[in-house]
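Everything below concerns the one structure shown next.
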Amino acid sequence: MGDGPADHPVAPPAEGFPTGPPDVIRGGPQRIPRPPDWAMGEPAPWSTLSVEERSPTLGEVTARLDDSLHSDLDPPLLVEGREPERPSAVLVALYDHRGGPHVLLTRRSWSLRAHGGEVSFPGGRAEDYDADLVATALRETEEEVGIPPATVEIVGRLAPLLTVSSRSLVMPYVGLLPGLPDLVPDPREVEEALHVSLWELMADGVYREERWQREGQERPIWFFELDGDTVWGATATMLRHLLCLITDTGPHVAPPLRSGPGGDPPEASSTP
């Protein structure tokens, strides 16, 4: 595992109004299988917005998400002629903290066989006894970080995502929490819970797009460089869609998205 810019280049210094200390060195030790011919991509969809426009209240965020519950985002039954093998669901938990909207992320235990140390949303594979994928997301969240399902109000959903390496169709549900959650992370799965400000995610110098060659095609790969962690792959794809929805930038409804090897979300509580 590398530990320098060649392995995970740090995002450019924040410009304008940084939401954190100006001397923070962003990025983390996550393993990024970056190809040698990668190139920088487009700026953030919200990059032309003012600081005020990038600083919505939690109420404004949930109002934007309300329409997503009624939009036609249900995952297809068949993808490329084959039924996805392992349907999964994750919870995008939002809450007020320190005066602004935050989202809950987790850094997975480095001891896990797959995706160790990756930053992700709580969630995992559907079980036969789950009533639906909402129940899957809530059950897995309680198992991973101890949030009781009764305390979560589902207020939106994001576009489904099809991972390539595991053929797992993932549905992200957005849930509203009454406040900063009292977490009990399962140490077998979660190394640390991360309380991340939506305002920080949209600050200059945090988001980055790279262009990678995959299967003969150039594809965008998205990153969020936090203080001590790099979010990428499936989680960054879902975060980007969330931020596009709440800022009215970029695509509002995306087709089933793809994340290649190394960027898949967790699919089971014991063996991701």
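Values quoted throughout were computed directly from the atomic coordinates according to the rules given, and no laboratory measurement underlies them. Computed from a predicted structure; not experimentally measured. Neighbour counts are summed over all protein chains in view; Cβ atoms, including those assigned to glycine, are modelled from backbone coordinates with ideal geometry.
Remarks
- Sorting 143-150, 201-208 by average packing, meaning the other beta carbons within 10 Å per residue, from highest down gives 201-208, 143-150.
- Computed 3J(HN,Hα) for segment 26-33, one whole-Hz value per residue from the Karplus formula 6.51 cos²θ - 1.76 cosθ + 1.60 where θ = phi - 60°, is 8, x, x, x, 4, 7, 10, x, glycine and proline marked x.
- Ala150-Gln213 FRET efficiency (beta carbon distance; Förster radius 41 Å; 0.05 resolution): 0.30
- Nonlocal amide H pairs with Trp46, under 5 Å, H built at 1.01 Å: none
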